Amino acid sequence: MKQIALDIGLSAGPTLANFCAGANEAALKHLELWVGGKTGAHNRSPVPTYFWGPSGSGKSHLLKAAREALREQGARVGWLDASVHEAPEFNESWAAVVLDDVHLYTAVQQHTAFNWFVNAQTHQRPVLAAGELPPADLKLRDDLRTRLGWGHIFAMHLLSEPERRSVLRQAADERGVFLSDEVMDYMLTRFSRDLGSLMELLELLDGYALQTKRGITVPLIKSMMDNV
C-alpha cells in the first residue's frame, strides 16, 4: 500500500514537557535553561540559538514550545515562519525573536528576518531560529546566513523507530487506549513517520473509536481513512 502523508500537527500544543528528546537531549536542556522560570528574562542570554535538521526532527516543536513558555511568563514574542507574508515591524516590547523554517524564506521574509535580527541584537533580545540546513549551507542572503551561525547551533535528529513506538505507547496508555503490535506496525509503515503526524493520527483514531464504539484495530484505521 502507498504511504499516506498526513500534513497535520500536534493539536494538544507543543511544550517542552511533551517533547520526546531522544538524541536531541542537549537541545532540549539548552532551551529549558533558556526559557527559565518567571525570572528567566533576567538570565536569558541574547546570544542567538539555531536548530537544524530534517523535517520531523522536532525543530518547530521546540520553537513553538519556547514561544508558549514565554507567553505563560507574560512575555510577547516576534514570530516569523514561511507562512507569514505580512510581518509586523520589530517591536521593542518583544522578549525574543523566533524564526522558523528559515530555509523556505522568500526575499521579503529574509529582509524582515534580517531587520528583526539586527534590532534584536541592538535591544539585547535573543533570537531562536530553525531550518533544515546548517547555517553555512542555507541559500539565504549572506548577512542573514552569517548571523544565524553566530551563536549556539544544535543538529536535530529524527527519533528511532523504537523511540517512536515508545512515545506512541505512552501516549496511548495515557488515553486509556490499547495499541496492539499489529496496529503499531500498520501506523508506522502506512503513514508519515514523523512524531507530530503519528500523535495526531492517534488522536483521530481515539476519537473515531469512541464515535463508533470499537477498539483500535487495523480494520478500524482503514474504515476511518475511507471516511476522511
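The values are calculated or read from the model by the stated rules, or taken from the named source; none is laboratory data. For clarity, every value in this text was computed on a predicted model and none was experimentally measured. So basically every Cβ, Gly included, is an ideal-geometry build from the backbone, and we count neighbours across all protein chains shown.
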Of the conditions (1) modelled with pLDDT under 95; (2) assigned to a loop (DSSP other than H, G, I, E, B), W34 satisfies every one except a single condition; which number is it? (2)
How many of the residues making up segment 135-158 are at pLDDT 95 or above, outside any helix (DSSP H, G or I) and buried (at least 19 other Cβ atoms within 10 Å of the Cβ)? 4
Failed item, numbered, when V218 is tested on (1) over 24 Å from L133 (Cα atoms); (2) of a type in the set (A, V, I, L, M); (3) crowded, with 17+ Cβ neighbours inside 10 Å: (3)
Restricting to segment 160-179, what's the tally of residues that are closer than 13 Å to C20 by Cβ and not in a helix (DSSP H, G or I)? 1
Does L62 satisfy being within 26 Å of E163 (Cα to Cα) and either surrounded by fewer than 19 Cβ atoms within 10 Å (Cβ to Cβ) or of a type outside the set (S, T, Y) (or both)? yes
